[in-house]
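This report concerns only the one structure given below.
The values are calculated or read from the model by the stated rules, or taken from the named source; none is laboratory data. Just so you know, these numbers come straight off a predicted model, no measurement behind them. Methodologically, a virtual Cβ is constructed for each residue, glycine included, from the backbone with ideal geometry; neighbour enumeration extends over all protein chains shown. Protein only, heavy atoms only, side chains kept; ligands, DNA and RNA dropped before computing areas. Shrake-Rupley method; radii C 1.70, N 1.55, O 1.52, S 1.80 Å.
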Amino acid sequence: MAYSGRYVPIQQKKYRGDVSKVVYRSLWERRFMVYCDKSSSILEWGSEEVIIPYISPLDGRRHRYFPDFYIKVKQANGEIKKIIIEVKPKAQCGPPKPPNRKTKRFITEVRTWGVNQAKWEAAIEWCKDRGMEFKILTEDHLG
């Protein structure tokens, strides 16, 4: 199976957005799409359908963040919750470990970490303002 591709929702009425443009960029994202599509507790879902503005620490300018997923879930207690979800490898969920010498790869990882932090802080505030929750899922959650 390819690491990226198109996903066609089975329950298209549950999908919020254009069902012909659902794209996964990792097998973890695809796995989560299948879960959202098949789970009866997921009332609606979307992939990269939400836009959250953030300020990049690299250039100090406003950019647009498209989180991986939006879900509306009915919890076991009957409560309805809306959640924005980012799917990331666990290795990218913390600052990079400094190597013995600063390589180009390390500098790129530091830049990526800084941008991700800015995106996630903006997402937490954006969700809080709308009575939603922001979560980051890793392979530990999706395994």
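In the assembled protein chains, I107 presents an accessible area of approximately 80 Å² (probe radius 1.4 Å). Straight Cα distances below 17 angstrom link K81 to the lysines K14, K72, K128, K135, with same-chain residues fewer than 8 positions distant left out. Only residues of the stretch 119-135 count here: report those whose backbone N is under 20 Å from the spot 7 Å along Cα→Cβ of L43, or say none. Flagged as within label range: 127-135. Taking all protein chains in place and a 1.4 Å probe, what share, in percent, of the accessible surface of the chain do carbon and sulfur account for? Here it works out to 51 percent.
For K82, the aspartates and glutamates whose Cα falls under 13 Å of its own Cα, not counting residues fewer than eight places away in the same chain, are E44, D129, E133.
Can you compute the label reach from R16? Point 7 Å from Cα along the Cβ direction, backbone N cut-off under 14 Å, restricted to the stretch 45-80. Of the residues in the stretch 45-80, 45-52, 67-74, 80 have backbone N under 14 Å from the label point off R16. For the chain, a simple Cβ point-charge model (Lys and Arg +1, Asp and Glu -1, everything else neutral) yields a dipole of about 380 debye relative to the Cα centre.
Keeping every protein chain present and rolling a 1.4 Å probe, give me the accessible area per residue for the chain in Å². Walk me through the numbers on the way to the answer.
Numbers: 9180 Å² over 143 residues.
Here the residues of the chain average 64 Å² of exposed surface.
Considering the options V8, M33, Q117, tell which one lies farthest towards the positive end of the dipole of the chain, charges being +1 on Lys and Arg and -1 on Asp and Glu at the Cβ, about the Cα centre. Value: Q117. Using just its DSSP H runs of length 4 or more, each adding -39500 (n - 2.57), the chain gives a mean residue ellipticity at 222 nm of -9500 deg cm²/dmol after division by all residues.
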